[in-house]
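Before any comments, here is the structure.
The values are calculated or read from the model by the stated rules, or taken from the named source; none is laboratory data. Just so we're clear, the structure is a prediction, and the values are computed from it rather than from any experiment. Virtual Cβ from ideal backbone geometry, glycine too; neighbours counted across all protein chains shown. Calculation scope for accessible area: heavy atoms of the full protein, side chains included, ligands and nucleic acids excluded. Shrake-Rupley method; radii C 1.70, N 1.55, O 1.52, S 1.80 Å.
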Amino acid sequence: MNHWSQALRAVDWTGWLGAAFVVLMLGSAVFAPFIAPFDPIEVRLEDRLAAPDAVHWLGTDQAGRDVFSRVIYGARASLTVGIGAVVIGALIGVSAGLFAAYKGGLGDQLVMRIIDGIAAIPLLVWAIAIVGILGVGPVQIGPVALPNEAKIVLLVGVLFSPVFGRVTYAVAQRVVRADFVKARLLQGARHRDIVLGDILPNCLSPIIVQATLLVAIGIVIEASVSFVGLGVQPPSPSWGTMLSDARSAIYSGEWWLPVFPGLAISLTVVGFNLLGDAVRDLFDPRSEARTLVA
Amino acid sequence: MSEPLLSLQGVSKSYPRGGFLDRMLARAKPFVALDNVSLDIHRGDVVGIVGESGSGKSTLASLAVGLIAPTAGQILLDGADLTELMRDHAGPWRRRVQMAFQDSSSALNPRKTVELCLAETLALRGVARAARRAEAHGLLALVGLGVELAPRLPHELSGGQRQRVGLARALAMQPDILFADEPVSALDVSLQAQVVNLLARLTRELGLTLVFISHDLALVRTLCSRLIVMRNGAIVEQGACRDVLDNPQHAYTRLLISAVPKGLAGRKDRPSSQNSLRGDVFEPPPTAVDHGVFTVQDLVERT
C-alpha cells in the first residue's frame, strides 16, 4: 500500500481540514449515544432556554432539551439523507450517462430527454412537492413499508440522478471518442469491460466533485424539507427541524438555538466541499497524487 | 496472383446530413466520405495511402479494420465478408486487423500503465496470465523501449514513446495487417525517423502487412512498396510507389508532389544517416530481435 501513503502525502491542508470536518460529523452520527451527554428528546421544562454553560455546553431549547446532544444526534438524519441520496443518485445517474454516451442513437436521446425532464424543475421544488403529496407517514411500496426518512433518501437520490447523468454524459461523450476506446474495440474487448474499465475511470473526477457537492446539497434539502415540517418528524432531532424551531428565538435573543445547528450544517457542507477537491486531485493522473490510481 | 489478404470491392461510406426534416424531405444530400473504392492488399504489401485532409484516408482505415460498417460495397478479409464478421464483436477475426493511431495522447488510456495496457491486450489474445508480463516486456523491446517504462502512465512518456507503445499494443494482437493512420504526423522530425525506421524493420522482420497513411510523400517513398493516392473519397491513382511518384499520371498526384518543398519530393538519394538519430532509414541498426535483449542504453550508444 505504498502508493497510498505517497498519494496521501500530496493532499494539502484544506483537504485534511475537509476530511476532519467530515470525520467529525460521521463520528458524531455513528457514536451519538456515547458522545451526547443528554437524551436528545427528553423534555425538561425546568431547564428550558438555558444559555450555554458548563452543564449544557450549547444551551437548551424551548422544551429544555440539550442543544449539544440534539446537534450530535441530528448529524444522523443529515448524513443519512446526504450520503444515501448521493449513492442512489450516482448509481442511477452514472449508469444512465454512461449508457447514453456509449450507446448513442435512440437510446441516448431517450435517456437524456428523461433526464432533461426531471432536471427542468428545481430540486427543492420537486422534493417539497413530492413529500407534500406523499405525506409524512410511511409509504407502502408492494410488501415494503418505507419509513419517512428512507422515502426522503430515495426521493432525493432519484432527484440527484439527472445531475450525475448529465455530468457523466458530458465527460463520457468525449471519452468514448478517444482512440484508446477504438483500440479496445479493435481488440474485441467486451463492451462492459470498455465502459467500466476504460470510460468510467476517465469520467470519475468530475463525478466525485459533483458527489461531494451534492452531499452538501442533500444536507440542505433534508434541512429544508424538515424545516417546513415534511422531513424528520419531531421529536427526533435534525438540523433542519432545529432551525425551524429556532425561528422565534432569533427575535427573543436565544442566539444559541439557530447558531449551532446552522454551524453544523455549514461545517459539514464546507467539509464535503474541501474533501471533494482533495479527492478529485487524488484521482487526477496528472496531479502529484496520481499514484493512487496507478 | 494469390488471394488478397484484404479486399475492398466498390466500398462507399456516407453519413446523413441535416436535421430530421431535411432528411425526410430529402433536402440534404448525405455526406460521402468514401465513394466506390476498390483495392486489394496482399500479404507482405507495404501500402502507402496519401491525400489531403478529408480525402477519405481515415474513413478507409476505419472501414477496413471493422470499426464502422460500409454503406455500400463489400470488404473481404481473407475472403470472408467483414460486415458478417462484425456481427461477432469479439470474434477471433478482431486480432487479425489492428491499427496504430495518429494522436498518441488519445491513443492510450491515461489511467493505465504501459504494462497494464499491453497485458490486457495480451489477455484478449488468450495469453496466459503468467506469460503476459514477459511478453509485454518483449513487445516493449520489439518497439525499442526499455522495460523501465512498463510501470509508467502515458503522461510520463514522450510523444515518440507513446507512439511506440501504441504500436506495441497493436502488435500484441499479432495482426496479419496493421493500419497506421498518420502515425508520425504529430511527431517532430527526429521522432518521425525513429518510428518510420521501426515500421520498416517490423515489416521486414515480422513479415507484417502494413498500410501506412500519411501526408508525407518522402516518408511514403522510403517505406512503401505500393502507393494509393486519394482525393474526395475516391482513389485517383495507384501503383508501385516509385512509379507513381516518379511518373505521376494524374494531375492531382502531380499537384501533391509539387506541394512538397523542393529537394524532398524528387529526391532520388536516401536521407543521409547523419540526419537520422537512429541510423539509416534503409539499413536500420541491429535490433533486439537480432541480439536477443537490448536496452535503450544500447540504442543510445549505437548512434
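Share of carbon and sulfur in the accessible area of the range A:2-292 stands at 69%, probe radius 1.4 Å.
Measuring r between the beta carbons of residue B:260 and residue B:43 and using R0 = 41 Å, the FRET efficiency lands at 0.85. Computed from Cα atoms, the angle from the helix A:105-119 axis to the main principal axis of chain A rounds to 20 degrees. If R0 equals 25 Å, the separation of the Cβ atoms of residue A:228 and residue A:51 corresponds to a calculated FRET efficiency of about 0.30. Using +1 at the C-beta of Lys and Arg and -1 at the C-beta of Asp and Glu, which of B:54, B:65, B:92 has the Cα lying farthest in the positive direction of the dipole of chain B? Value: B:54. Take the protein assembly as shown with all the other protein chains still there, run a 1.4 Å probe, and you get 46 Å² of accessible area per residue. Considering only A:256, A:239, A:159, and ranking their Cα positions along the charge dipole of chain A that arises from unit charges at the beta-carbon of Lys, Arg, Asp and Glu, the one farthest toward the positive end is A:159. Once all protein chains are placed together, residue A:16 keeps about 130 Å² accessible to a 1.4 angstrom probe. When the Cα positions of A:266, A:89, A:124 are compared along the charge dipole of the range A:2-292, A:89 comes out farthest toward the positive end, with charges on each C-beta of Lys, Arg, Asp and Glu. Consider a paramagnetic label point 7 Å from the Cα of residue A:114 along Cα→Cβ; state which residues of the range A:125-167 have an amide N under 18 Å from it. Backbone N within reach: A:154-167.
For residue B:215, the shell of other residues with beta-carbons less than 10 Å away shows a net charge of -2, using +1 for Lys and Arg and -1 for Asp and Glu. With each label modelled as a point 7 angstrom along the Cα→C-beta vector, the residue B:206-residue B:130 pair spans 2.6 nm. Across B:3, A:254, B:52, the residue with the most accessible area heads the list, and the full order at a 1.4 Å probe is B:3, B:52, A:254. Heavy atoms of chains A and B lose about 2300 Å² of accessible surface on contact, summed over both sides with a 1.4 Å probe.
How would you classify chain B from its alpha-carbon gyration tensor, with a ≥ b ≥ c the square roots of the eigenvalues: rounded for a/c under 1.5, else prolate if a/b is greater than b/c, otherwise oblate?
oblate
Springs between alpha-carbon pairs under 10 angstrom, Gaussian network model over chain B: which of B:181, B:216, B:243 fluctuates most? With Cα springs under 10 Å in chain B, the top fluctuation among B:181, B:216, B:243 is at B:243. Put a plus charge on the Cβ of each Lys and Arg, a minus charge on the Cβ of each Asp and Glu, and nothing anywhere else: the dipole of chain A about its Cα centre is then about 1180 debye. The mean number of Cβ atoms from other chains found within 10 Å of a Cβ in peptide A:198-208 is 1, as a whole number. Site pair residue A:24 and residue B:28 shows an inter-label distance of 5.7 nm when each label is modelled 7 Å from Cα along Cα→Cβ. Nearest 0.05, what FRET efficiency do residue A:270 and residue B:88 give at R0 = 51 Å with Cβ-Cβ as r? Efficiency at R0 = 51 Å is approximately 0.45.
Evaluate the charge dipole of the protein assembly as shown about its Cα centre and quote only its size in Debye, nearest 20, assuming +1 on the Cβ of each Lys and Arg and -1 on the Cβ of each Asp and Glu.
Its charge dipole is roughly 1300 debye.
Ordered by 1.4 Å accessible area with all protein chains kept, A:222, A:46 run largest first as A:46, A:222.
Of the residues B:252, A:102, the one with the largest accessible area comes first in the ranking A:102, B:252, computed with a 1.4 Å probe on protein heavy atoms. Each Lys or Arg adds one and each Asp or Glu subtracts one; over the other residues with Cβ under 13 Å from the Cβ of residue A:74, this totals -2. Net charge of the neighbourhood of residue A:16, taken over other residues with C-beta under 13 Å away and scored Lys/Arg +1, Asp/Glu -1, is -2.
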